C-alpha cells in the first residue's frame, strides 16, 4: 500500500474480498454496515459487511462481518440473485432485482422492510407489498433506505401522472412520525404508500431519492427538488417557519437544473447542471459549506475553492 498523498500518515487499504473474481458495480454505506452489487460468473449478487445487528447483512445471521465475502441470501440454501441496486439505511437494507421488485431485510420494528409486519428479517426472502392489502410492488426501479423508513421509485412515468393528476412514482414505508412517508398523515406503515408529487408537471416524475433521519427529498426528471417530513434545522429548504410537511413540496430557491441530490441526517444538498452545489439544513458543524456555520432554511451555495 502506498501513501495517498493526502497526508503522510494515511494509506489506502483494500476491503478483503473486494477485488476477488468479479466486477463491483455499486456500493452503499449505512450507519454501521455496507453493501455492494458484484458481478460473479455472469450474475449480479449483493454482498454486505459490517455490524450484523438485526440481520442487516442479509446472510441469515446477526454476527459482525469484517470482509466482503458473504452474499445476501434468500434462505440458508440460496442467494439473492440478479440484483440491480442496493441501499443501506441505519439498520436495514433493500435491493431492487431484475424483475423490478424490492426485497428488504434487517431491522423492521417500524415497518421499514415493507413486508406487512414489524419483525426483523435476516434473509432477503420477502417482497415489499402495497398499501393497504396489495400484492408485491412491481415495476420498481430505485430504492433508498433511510434511518427508519424507506422510499422507492416506481417506473410509472408521465402517463400515470396525467391519469392521477399527480405523480405517484414515489412510494414510502416505515416510520412516519413527521410525515416522512409523504402520504399526508403521521401514521407508520408496514406497506408501501404513494407519496404523490401534487402540482408536478404532466411530464414530471421522480428519478432519484435522498433520505435523512426524518425527512425525504426527490429529484425529478425536470431537475426540480421536492422534500417532505420534518424540517428541524431546515432540511426541507422551505423556510424557517415550516415545522414539517406531510406531502411532497417543491423546494424554491434552487437557481438551476438539479442533476443529483444527497441527504445527511438533518441537511440536504443538490448539485446543479453547471456543477454548482447548494445545501440547506443543519449547518453549525459546517455541513452547508457556505462559510456561515449556521442553519440554513433555504438553499445556500457551497463555497468552492
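Read-outs throughout are calculated quantities, based only on the coordinates presented, and are distinct from any laboratory measurement. Since this is a predicted model, take the numbers as computed values, not measurements. Every residue, glycine as well, gets a Cβ built from its backbone with ideal geometry; the counts of neighbours run over all protein chains shown.
Once you order the gyration tensor axes a ≥ b ≥ c over the Cα atoms, which shape class does the stretch 108-253 get: rounded for a/c under 1.5, otherwise prolate or oblate by comparing a/b with b/c? Here the stretch 108-253 falls in the oblate category. The Cα center of the stretch 123-138 and the Cα center of the stretch 264-305 differ in position by 36 Å.
Projecting label points 7 angstrom from Cα along Cα→Cβ for residue 75 and residue 274 puts them 5.7 nm apart.
Looking at the chain from every direction and averaging, what is the projected area of its Cα convex hull in nm²? Numbers along the way, then the final one.
Working: hull surface 67.2 nm².
Result: 16.8 nm².
Mean residue ellipticity at 222 nm, helices only, the chain: -500 deg cm²/dmol; runs of at least 4 DSSP H residues each add -39,500 (n - 2.57), and the sum is divided by the number of residues.
Taking R0 as 45 Å, what FRET efficiency do you get between residue 41 and residue 198 from their Cβ-Cβ distance, rounded to the nearest 0.05? Mind showing how you got there, number by number?
On the way: r = 46 Å, r/R0 = 1.03.
Given R0 = 45 Å and the Cβ-Cβ separation, E is 0.45.
Across the stretch 206-304, C-alpha contacts under 8 Å between residues 6 or more apart give a mean separation that, scaled by the residue count, equals a relative contact order of 24 percent. Remark: relative contact order (the stretch 47-91) = 32 percent; criterion is Cα-Cα distance under 8 angstrom and separation of 6 or more residues. Convex hull of alpha carbon positions in the stretch 206-304: directionally averaged projected area 5.3 nm².
Report relative contact order for the chain in percent, whole number only (criteria: Cα-Cα under 8 Å, sequence separation at least 6). Reported as a whole number, the value is 10 percent. Stretching residue 125 away from residue 185 to a fully extended chain increases their span by 18.6 nm, per 0.36 nm per residue minus the current alpha-carbon distance. Viscosity 1.567 mPa s, temperature 4 °C: give me the Stokes-Einstein translational D for the stretch 19-196 in µm²/s, with Rh taken as the Kirkwood radius over C-alpha pairs. So the translational diffusion coefficient is about 81 µm²/s.
Annotation for the stretch 78-109 versus the stretch 196-238: alpha-carbon center distance of 22 Å.
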